[in-house]
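What follows is one structure encoded as structure tokens, with my remarks underneath.
The values are calculated or read from the model by the stated rules, or taken from the named source; none is laboratory data. Nothing here was measured: the structure is a model prediction, and the numbers come from that model. Cβ: placed from backbone, ideal geometry, glycine included. Neighbour counts: every protein chain shown.
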Amino acid sequence: MRRLLTRVINRVLLSEPFKPAMGLEGEILTEGRRKLVVGLGNPGMDGTRHSVGMAVLGALATRLGVADRWRGDKYVSGEVILSEVQQTHVVLLRPRMLMNVNGVSVAKAAAKFGIKPEDVLLVHDDLDKPLGKIAVKHGGSARGHNGVRSCVDCLQTDAMLRLRVGIGRPTGKMSVERHVLSRFTSEEQQVLERVLVQSVDLLLSQLSQQDAQLPSSPAGGRRVAQKRTESSASQDSAAAAAQS
């Protein structure tokens, strides 16, 4: 029932039409290669495990020298930065919607800037990987991640590239909900700093690729017929992080 209600909310929020803008936003809709990089998370909860995708995006903006260019975009219900990486137009997006419905923000941004789902990169937390591990995944199920599920529902395909950032599972009697909304310990912060560097390196590598790596998704299709591969960008940046 909750999932059905979320889908209904997605459809209602996606109903607002878009009127093309002038200037750089208008140009990026029609000219050149373009990518959308999204940091999934909950607004106002920066620094929590569930918002680690936003931390990676912030680190990417800093590396690109555009961290001071965030601006609110009412239409997409988020904050955006327009930048370039080796002649590729890159839109950075921080949704300002709750995780369960932030696919609305992603779909609106993709439509506004003329970006196909296979050119969208989602950065999000992953319970099934320990802190210190990252991996790139092409398509596939949301694996229980509500933010990814919302993106798949709103874009009507799972063709998006995903950078999964490990946060590990809770220990002891701590619930998953409490775990993902908690902040990293001081020891984990040291590991996270290295993870951010590795994640940005991997994102820049993906953004620099000149040839499309994924097939186009069928119109209106929910699933993309492609080989599910996971690039083992996992690196042992630390042996094991202390669990809270």
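Do we have residue 106 as β-branched (Val, Ile, Thr) and under 18 Å from residue 200 (Cα atoms) here?
No, not satisfied.
Select the strands (runs of 3 or more DSSP E) contained entirely in the stretch 88-199, then report the ones holding at least 1 residues which are among the hydrophobic types (A, V, I, L, M, F, W, C) and without any contact (Cβ under 8 Å) to a residue 60 or more places away in the chain.
88-95, 161-166
Quick one: which residue in 36, 82 is under 17 Å from the mean Cα position of the chain (by Cα), under 16 Å from residue 162 (Cβ atoms) and either in contact (Cβ under 8 Å) with a residue 40 or more places away in the chain or buried (at least 18 other Cβ atoms within 10 Å of the Cβ) (or both)?
36
Residues that are touching a Lys or Arg at 6+ places or on another chain (Cβ under 8 Å), aliphatic (A, V, I, L, M) and more than 28 Å from residue 191 (Cα to Cα): does the stretch 58-71 have at least one?
Checked the stretch 58-71: no residue is touching a Lys or Arg at 6+ places or on another chain (Cβ under 8 Å), aliphatic (A, V, I, L, M) and more than 28 Å from residue 191 (Cα to Cα).
Filter the stretch 44-53 down to the residues that are under 12 Å from residue 147 (Cβ atoms) and over 8 Å from the mean Cα position of the chain (by Cα), then identify the one that is surrounded by the most Cβ atoms within 10 Å (Cβ to Cβ).
52
For the stretch 59-72, which positions are surrounded by fewer than 18 Cβ atoms within 10 Å (Cβ to Cβ) and not hydroxyl-bearing (Ser, Thr, Tyr)?
Hits for the stretch 59-72 are 63, 65, 66, 67, 68, 69, 70, 71, 72.
Output the residue which, of all residues in the stretch 164-215 that are among the hydroxyl-bearing types (Ser, Thr, Tyr) and in contact with a strand residue (DSSP E or B) (Cβ under 7 Å, 6 or more places away or on another chain), is modelled with the lowest pLDDT.
Among residues in the stretch 164-215 that are among the hydroxyl-bearing types (Ser, Thr, Tyr) and in contact with a strand residue (DSSP E or B) (Cβ under 7 Å, 6 or more places away or on another chain), the one modelled with the lowest pLDDT is 208.
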